[in-house]
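Worksheet: one structure, shown below.
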Amino acid sequence: MALFVNIRSWFGLSPPGDGTLTSPRPCLSPGDGPLGVYRAGDVVIGGLFPIHVEAPLPEQEFRSIKGNSTCTMYAACNVYSVTSYLSVSSFLPSVSFYQRAYRWLQTMIFAVEEINRDPALLPNLTLGFLAADTCLSEGTTLRAALAMVTGQEASVVGTECGTTPEVPVIIGDARSSASIVVAQTLGPFDLPMVSYFASCACLSDNWRYPSFFRTVPSDAFQARGMARLLRQLGWVWIGLVSGDDDYGKFGVQLLLQELQGSGVCVGYSERRIRYIVDTIRGSTARVLDYLDLLNYLILQALMEEVVRQNITDKQWIASEAWITDSTLSSPENLPSLAGTIGFALKKAVIPGLGTFLTRLHPDGDYQKSDPFLRELWEEMFRCSLGIDLSVTQSSRRQCTGSEVIGEGEFTPESLLASYNVYKAVYAIAYAIQDMVACRPGDRVFNGGQCPDIRKLQGVNFSTPVGESFHFDMNGDPPAAYDIINWHVTPEGTAEFVQVGHFLSSEGSGGQIHIDMEKVVWGGGSGDEVPVSVCSAACPPGTRHAVQKGRPVCCFDCLSCAEGEISNITGSDECIRCPERFWSNPDHTACIPQLVDFLSYSDTMGVILSVISVSGATLTAGALATFLYHRHTALVKANNSELSFLLLLSLKLCFLCALVFIGQPKPWTCMLRHTLFGISFVFCISCLLSRTVVVLVAFRATLPGENLMRYFSPTQQRMGISLCTLIQVLICVLWLALAPPQPAERGGREGRGARVVLECEVGSVVGFSLVLGYIGLLASLCLLLAFLARKLPDNFNEAKLITFSMLIFCAVWISFIPAYVSSPGKYTVAVEIFAILASSFGLLFCLFAPKCFIILLRPERNTKKHMMSK
């Protein structure tokens, strides 16, 4: 009994049986404060509810002490200021009575009465309540809260002068901005408040708001759910609309933090009312995230203007503040807002609450104890209970008194926030129960001290509907949301359909589930999920390139570079193909690189092979002709042995071209260059020896001069062998030090679709010496042939040698730039062409005229004819 008395004393109450307060206070004049309701009890719980949505205008004359004023019933002035921002000249609501908040008030009364009827919860205590109208204004809310905790709240029905108690705990407020103001004021005095609708994450700061609790989850969890919803539905280009207050700013900041690194971009974040609608209309973002309740009138005015401007191509995402608001989902707004999807507080049906609400009627004692009932009745049934209708109500009929509130008026969706009020009352009741049941020294509590109603963290109970509830260290409840979608019924009204749920957890970030088949999408999309992107996803084969100065969701599509691919839609980067692979023409897949070389199956390879074999065949034919007619004068005069060696070397030159055709291999690379170098040196050495013999034979004019003894056949063979041996030594050193090897060209150096196989020369010096030595012998031969150009006409050997060497040098001089500039396998083709062209030049210039005489003009193949001049 002593403990019970102490608890009553802590609450500021007298012992049982005494109907007076411990310290009476003078009462205020009727009508000086916001209207409220009161019911006495052993413990009186305070309640703050925005029954009206328009606060009285502040007194700015400062000529006298001004008392409190009641909330405004008709919101003409401030609504005009709002609508002037939005250019809505026709919007003017008839009254500012907020039915939804009135249901919250009635839910608190219902919970108090239910607890008082429960013999097990608080058997020795009776709960009472003191609720005030906050007018949806921070100033009025704070004034009402201070009046409650100081016992000066007099503008309530059911009290007498000086009988208003000091409330130890307050349920409220609905708005985060007002709750911040009240919590900052009451926090230093350890006066707890339990909000049922203030969801700003800033209120989770236990250091700034140590006595603040709430039964609605923090916006941090809702922002996390919204971010996951946006990512899951592929909406990466959105617009944010919020209130220009702390709540709106914190909400936007939370969502932006959750969206970091997710690929979702915010096209705009607008808080200035005058620019919101214009921004919505002008933006390409089809998804709009409305994060704040704002002011009830401002929100209504915004939606009214959206409808007036026929903005129907947007998908709205609503916060829990308005997703189940039946006023906003009126038939007039549905053309623009149908398909709205958003997060709602987890639905729970409170047994008996619907029936409790239907008992309301303006007759009898209800109207005497409830100053708001008349306005509710007139607002619900659009009639007037007064005898004389006022000017603003001239369009309304007279109430008959037979109107009845049906239980169907209160759907579970319309009572979502009411359940939070219900839980707040029970949380306070269970905290009081813990105090009553505690005995000093009980080890259940820290330090053996009994709990304090001002510290509600230890509360852990199950509500009558079966939900387990507790507060964490920040005063927040467990976070769970239903995902609600606005459907349009055949009658043209809105239906709130649950299409999924979201459960948040600190570790995993939360789980979201949506039944896509149930969702009706907004923006005219119907059954198709709306697409909201700044730039369409780049197709395979391209990558994103962010546009300078714009969000990352706005980009251009650039084709992947050669050798890189992107095989998915919306790729940020291109992937390089692995070795021996290259990108296809569309840059969507890596394909094996084509191995390219001059082969016998190529048309060019076949043509060059035929020409090479033809040249070797003609050379063999000339050799056979000379061999068959070796005893004729022409063959003898042309030094038959040198002619045979020269034809043999020409045949080797023609055949060495075949080694250049086919896939390069180590032995073919070494053979082709050495065979080419040696064959041509052998050929030019024979031609040089022959030129020297001719020159010496016809230039020895001094008597007794016998120079031919130095150019006998043996010495000629030695000279040819010596010249050839020098080239052989060069080739041996080349092959020993840095031989030619097969190599791949193309790939990542430019022509990557094809890998060109060719022979690298290995040592550039060796290759240069081989070509340089051939050039040296050819130049010397050309010089000597030029000196012998005026020999007797019947013996045209010197002229033919001169002409053949001119062709030889011209071919190889033009070979150099053609060889350097030819791509891929055409480099080899140019080299083969030079070999064949120079070989044919030597063959036709030196042996074609002789074969013509031998075969077709045998009469000229006589010693007499040749010596005639």
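No value in this document is a laboratory result; all are computed from the given coordinates. All of these numbers come straight from a predicted model, not from anything done at the bench. For neighbour counting, all protein chains shown are included, and Cβ atoms are generated from backbone atoms with ideal geometry for every residue, glycine included.
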**Asked** Calculated FRET efficiency, residue 806 and residue 284, Cβ-Cβ r, R0 51 Å, to nearest 0.05?
**Response** 0.10
**Fill in**
Rounded to one decimal in nm, the spacing of the 7 Å Cα→Cβ label points at residue 856 and residue 603 is 3.3 nm
**Length gained when the stretch residue 610-residue 863 is fully extended (0.36 nm per residue, less Cα-Cα span)** = 87.2 nm
**Fill in**
Highest mean packing first, using Cβ neighbours within 10 angstrom, the peptides 171-182, 303-314 sort as 171-182, 303-314
**Request:** Could you list, in their original order, any pairs among 651/850; 249/347; 314/346; 314/548; 665/825 whose Cα atoms are separated by more than 20 Å?
**Result:** 249/347; 314/346; 314/548
**Request:** Please find the FRET efficiency linking residue 326 to residue 404, where r is the Cβ-Cβ separation and R0 is fixed at 22 Å, and quote it to the nearest 0.05.
**Result:** 0.70
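Return the loop-located trypsin sites (Lys or Arg not before Pro) in the stretch 546-609 (DSSP other than H, G, I, E, B) with at most 15 other Cβ atoms within 10 Å of their own Cβ; answer none if there are none.
Those that pass, being in a loop and sparsely packed, are 548, 580.
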**Message:** Give me the mean projected area, in nm² to one decimal, of the convex hull enclosing the Cα positions of the stretch 486-606.
**Reply:** 15.3 nm²
**Message:** Using a 7 Å offset from the Cα along the Cα-to-Cβ direction at both residue 594 and residue 537, what is the distance between the two label points in nm, to one decimal?
**Reply:** 3.3 nm
**Where chymotrypsin sites (Phe, Trp or Tyr not before Pro) fall in DSSP loop in the stretch 566-646, at most 12 other Cβ within 10 Å** = 600
**Fill in**
FRET efficiency (residue 627, residue 665; Cβ distance; R0 35 Å; to 0.05) is 0.45
**Prompt:** Can you list the GluC sites (Glu not before Pro) in the stretch 553-604 that are in a DSSP coil and have 12 or fewer other beta carbons within 10 angstrom?
**Reply:** 573, 579
**Request:** Round to a whole angstrom and tell me the spacing of the C-alpha centers of the stretch 659-681 and the stretch 527-542.
**Result:** 58 Å
